[in-house]
Each structure stands twice: as C-alpha cells, then as structure tokens.
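Let me begin by presenting the structure, written as structure tokens, before commenting on it.
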Amino acid sequence: MKNLIFLAIFALVFSACSTKRQYFEPTNISGDAKISSLNASIKHSTRNGATLSNGTLITQNGLQSKALSANEYFLGSYEGQDVSSTIEGKLTIRQGSALVFEHEFDEAIVSASIEGNRLAALSAANKIYLLLIDTNEVILEYASGASYAQDARTAAPVFLNTIIVYPTLDGKVMIVQKDNGAIVRDAVVSSENFFNNIIYLDVEGDYLYAATGTRILSISPDRTTTIAEQIKDIKLHNGRIYALLKNGFIKVYDLNLREINKREFKFAIFSNIIARGDKLYIFEKTGYIIETDLNLGNERILKASEITDKSFASSNAFYYDNKMISIE
C-alpha cells in the first residue's frame with residue numbers, strides 16, 4: 001500500500017515538473033518597439049506614479065527633473081502638488097521644490113489624493129484619513145478590516161462634489177462626507193482573504209467604478225452591478241471599460257458592465273494598458289506591445305523586451321525596469 005502511495009505521489013510530481021509552461025508567441029510581428037534607457041530602474045510604482053532608484057519621479061505627464069530623497073516614494077501629483085511618503089509614515093506635499101505640508105502617520109501611506117485644503121489618504125494598516133492641510137488637523141481616522149496581503153496597484157481616493165470615495169485594502173469602498181469627515185456608507189467589492197485591495201477606482205458621469213483583482217463593481221443612482229473576473233488591469237476610455245484578464249482575454253464592457261466584446265491573446269500575461277484617441281496599447285510581460293482599435297481589432301504587434309520587475313504606464317509612455325517606450 002505504501003509503495004502504491006509513493007508511486008502515485010512520484011507520478012504527480014513528475015507530471016507537474018514535466019509540464020512545459022506556454023508563453024504568448026505571436027506569429028505576425030510588425031517590427032520592433034523603440035526602447036529608450038532610463039538613468040535608473042523603477043524602485044516603486046503606484047497607479048498614479050513611479051519612483052526611480054535615484055529618486056526621480058514619473059508622473060502621469062512623464063519623467064520629471066525633480067527627485068525625492070532616498071527613503072521616499074512617490075504617490076501622485078494633484079493640483080500641481082507632489083505627494084510622497086516614507087516606509088515609516090512621513091507624508092510630504094511639495095509644490096515644485098517648496099515644502100507645502102508634512103505629517104507623521106503611524107504607518108506608511110500607500111495612496112493619497114488632494115483637493116484644495118483637504119488630503120485624503122489610505123495607510124498600509126488599512127486606515128483611511130482626512131486631514132486639513134493648512135492646520136494639519138485630522139478630521140477622520142478610521143480603521144477598516146484586516147488585510148493580509150496587498151497588490152501594489154492600490155487605487156487613490158477620489159474627490160467628488162460633496163463626498164470622498166476611499167479605496168480600502170480589504171475589498172471595500174468607503175463614502176465620506178467631504179466637509180466633516182463623516183462616513184456615509186461602505187460598499188463591498190469582494191471578500192477574498194488575500195490580495196483584496198481596491199486596484200481601480202474611477203468615476204464617469206453618474207457611475208462609480210471600483211475593482212479588486214477578482215471583481216468589478218459599478219454604482220449608479222439606478223443600480224449596483226458586479227461581475228467576477230480574474231483582473232490584471234482596467235482602463236475606462238470613451239464610455240467603455242477595458243479589462244485585461246489573467247487568462248489572456250481582454251473584455252470590453254459598457255458603462256452598465258454589459259459585455260460588448262472580447263478578444264483572446266493566447267497565453268498573454270498582460271502588464272499595463274494605455275488608451276490614446278482611437279487606439280489601445282497593451283503591454284505584455286514577456287516582451288510585446290499589442291496595438292488595437294477600440295473594438296480590439298486591427299491589431300499590430302511590436303517586439304519589445306521582457307518586463308522583469310516594476311512597471312508604470314503614464315498617459316503617453318510605458319516605463320519598466322530601466323526602460324521607456326513612448327506612445328506616438
């Protein structure tokens with residue numbers, strides 16, 4: 001009996017080890033991408049910006065000439081002001097080289113947004129904060145549920161007319177009154193145990209969209225809709241939602257999350273997406289750029305190089321490792 005069990009385990013292990021991993025291998029390649037070198041590698045990236053190992057910032061507008069100190073990482077630019085944090089929790093706001101604001105939190109801040117005199121922030125301990133910049137007054141500090149592991153692509157809070165929508169690390173969005181910091185409601189996007197942070201948060205008209213790695217939520221005055229997918233990245237563009245999925249599919253949804261199109265790129269491992277005008281530029285981890293129209297047709301594939309570490313997509317360029325590819 002023991003011999004039979006041993007043979008069964010051996011067969012299973014041998015089968016698993018001998019399975020060849022399959023990769024995206026397009027046959028119709030139009031040419032090589034134009035790759036430029038950066039003067040340092042990306043050491044930290046978020047949805048709204050990246051930091052090179054020499055402290056240089058990359059914003060949605062591209063590579064900047066200014067730099068952070070060695071222990072800081074960039075969170076994003078809002079209203080012409082740059083927000084950064086340290087692992088220890090020191091958050092800094094600068095306008096150009098001028099210091100605007102500093103605050104010592106108990107833990108690192110993983111995402112933040114600014115509107116006027118208000119700073120909205122989310123910490124690595126899954127606490128949401130609202131502060132007044134001119135007085136450094138904390139008018140909201142609230143701890144959400146436990147979070148055991150996070151995806152690096154944490155969304156930033158979104159300011160609307162009278163409210164602020166916060167992402168959390170445990171799969172919820174929190175709706176907060178802008179004037180007094182009162183929590184109005186929360187909404188659960190998904191309830192996974194691990195890697196359940198909100199990776200996408202945006203607004204289009206009366207629609208609010210939030211997503212984790214496993215579910216997309218849409219909230220409008222008329223309805224709340226969710227769909228389950230294994231999500232790598234999302235882009236909202238021209239009234240459509242483009243979802244890059246972990247199984248090599250790209251799906252297109254309307255604003256009510258009704259699927260209107262899909263396309264498979266077999267074995268593709270998607271990294272990032274840029275939408276410009278009537279084109280999509282999808283970056284594949286093993287070293288390809290897939291260019292399509294907004295209906296996922298008329299593809300044109302360029303050969304790049306493998307993405308080995310961190311990456312960031314601005315509005316007009318893709319940055320990865322110590323390289324950059326501009327989108328014309």
Open item on the list: Can you give me the angle between helix 2-18 and the longest principal axis of the chain, using Cα atoms only, in degrees from 0 to 90, rounded to the nearest 10?
Closed with: 80
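Write down the accessible area per residue of the chain in Å², having rolled a 1.4 Å probe over the full set of protein chains.
48
Calculate what fraction, in whole %, of the accessible area of the chain sits on carbon and sulfur atoms when a 1.4 Å probe is rolled over the protein chains. Provide the component values of the computation, followed by the final result.
Numbers: 7600 of 15790 Å².
Heavy-atom surface of the chain belonging to carbon and sulfur, 1.4 Å probe: 48 percent.
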Task: Backbone HN-Hα couplings from phi across the stretch 269-280 [Karplus 6.51/-1.76/1.60, Hz, Gly and Pro as x] - done: 10, 6, 10, 8, 9, 10, 10, 9, x, 9, 10, 10
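Looking at the stretch 138-222, which chymotrypsin sites (Phe, Trp or Tyr not before Pro) are DSSP coil and have at most 14 other C-beta atoms within 10 Å of their C-beta?
Values: sites: 142, 148, 159, 194, 195, 200, 207, 209; in loops: 148, 194, 195.
Answer by residue number: 148, 194.
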- [ ] Could you tell me which GluC sites (Glu not before Pro) in the stretch 98-142 are loop residues by DSSP with no more than 15 other beta carbons within 10 angstrom of their beta carbon?
- [x] 107
TODO: Taking 7 Å along the Cα-to-C-beta vector as the label spot, tell me the residue 37-residue 308 distance in nanometres, rounded to one decimal.
DONE: 1.4
Task: Dipole of the chain [Lys/Arg +1, Asp/Glu -1 at C-beta], most positive-end residue of 248, 219, 168 - done: 248
Task: Candidate residues 158, 165: accessible-area rank, largest first, probe 1.4 Å - done: 158, 165
- [ ] Starting from the amide H of residue 100, placed 1.01 Å from N in the peptide plane, find each other amide H under 5 Å away whose residue is 5 or more places distant or on another chain.
- [x] 93, 94, 95
- [ ] Mind scanning 43/127; 232/285; 232/262 and naming the pairs with a C-alpha gap bigger than 18 Å?
- [x] 43/127
Task: Cα-only Debye scattering, the stretch 176-328: base-10 log of I(q)/I(0) at q = 0.14, 0.15, 0.18 Å⁻¹ - done: -0.73, -0.82, -1.12
- [ ] Have a look at 120, 38, 60 and report the one farthest towards the positive end of the charge dipole of the chain, computed about the Cα centre with Cβ charges (Lys/Arg +1, Asp/Glu -1).
- [x] 38
Open item on the list: Given a Förster distance of 41 Å, report the FRET efficiency between residue 70 and residue 293 from their Cβ-Cβ distance, rounded to the nearest 0.05.
Closed with: 0.40
Task: In the stretch 264-297, the trypsin sites (Lys or Arg not before Pro) that fall in loop regions by DSSP, at most 15 other Cβ within 10 Å - done: 266
Open item on the list: Quick check for you: which residues of the stretch 107-124 have the amide N under 20 Å from the point 7 Å beyond the Cα of residue 177 toward its beta carbon?
Closed with: 115-121
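The values are calculated or read from the model by the stated rules, or taken from the named source; none is laboratory data. This structure is a prediction, so every number in the text was calculated from the model and none was measured. Glycine also receives a Cβ, built like all others from the backbone with ideal geometry; neighbour counts cover every protein chain displayed. Ligands, DNA and RNA are excluded from the accessible area calculation, which covers all protein heavy atoms including side chains. Shrake-Rupley method; radii C 1.70, N 1.55, O 1.52, S 1.80 Å.
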